[in-house]
C-alpha cells in the first residue's frame, strides 16, 4: 500500500500505463480500469479541494483532509487487490506460474511493483524540483 497521496498518484499512473499493454478481454481488466480511473479522479478532486486550504480553519482542514485521504487509501487498496488479480491472470496465461505458485509469491510481486513505483515518484519529484528556480516562483524553460 502506498504511503502518501503523491505515491498513490504515481502508482495510479503506472497502473493506467500498464493497462494499455494488456489485452482488454482479460477478466478483471475493465473493473481495474474503472477503479483506477476513479482513484485518479479522487486525487484530482483532493488537489482542487485543498489547494486553497489557507482560507479554511486549521481544525476543519485537518478533519476534512484526513477523511478524504482515508477514502483515497481505501480506493488504493481496492485497486491493489484488482491489480494483484490481474497480475495473477497474466502470470498464469503466460505460463510463468500456476495460480498456487503465484499466490504464494504475490507479496513479493506486489513489493517489487511498489519499489518500482517509489523510484518513479522520486524521479518525478526530482524533475519537479529541477524545474523551479531559486525563488520557487517561476518554471525554468
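Inclusion of residue 38 among residues that are modelled with pLDDT under 85, under 19 Å from residue 69 (Cβ atoms) and in a helix (DSSP H, G or I) is not warranted.
Scanning segment 30-51 for residues that are within 12 Å of residue 82 (Cβ to Cβ) and buried (at least 17 other Cβ atoms within 10 Å of the Cβ) turns up 32, 33, 35, 36, 39. Could you please find all residues in segment 11-29 being surrounded by 12 or more Cβ atoms within 10 Å (Cβ to Cβ) and outside any helix (DSSP H, G or I)? Result: 22, 26, 28.
The values are calculated or read from the model by the stated rules, or taken from the named source; none is laboratory data. Treat the numbers as computed from the prediction; the structure is a model and nothing was measured. In this analysis, Cβ positions are derived from the backbone assuming ideal geometry, glycine residues included, and neighbour counts consider all displayed protein chains.
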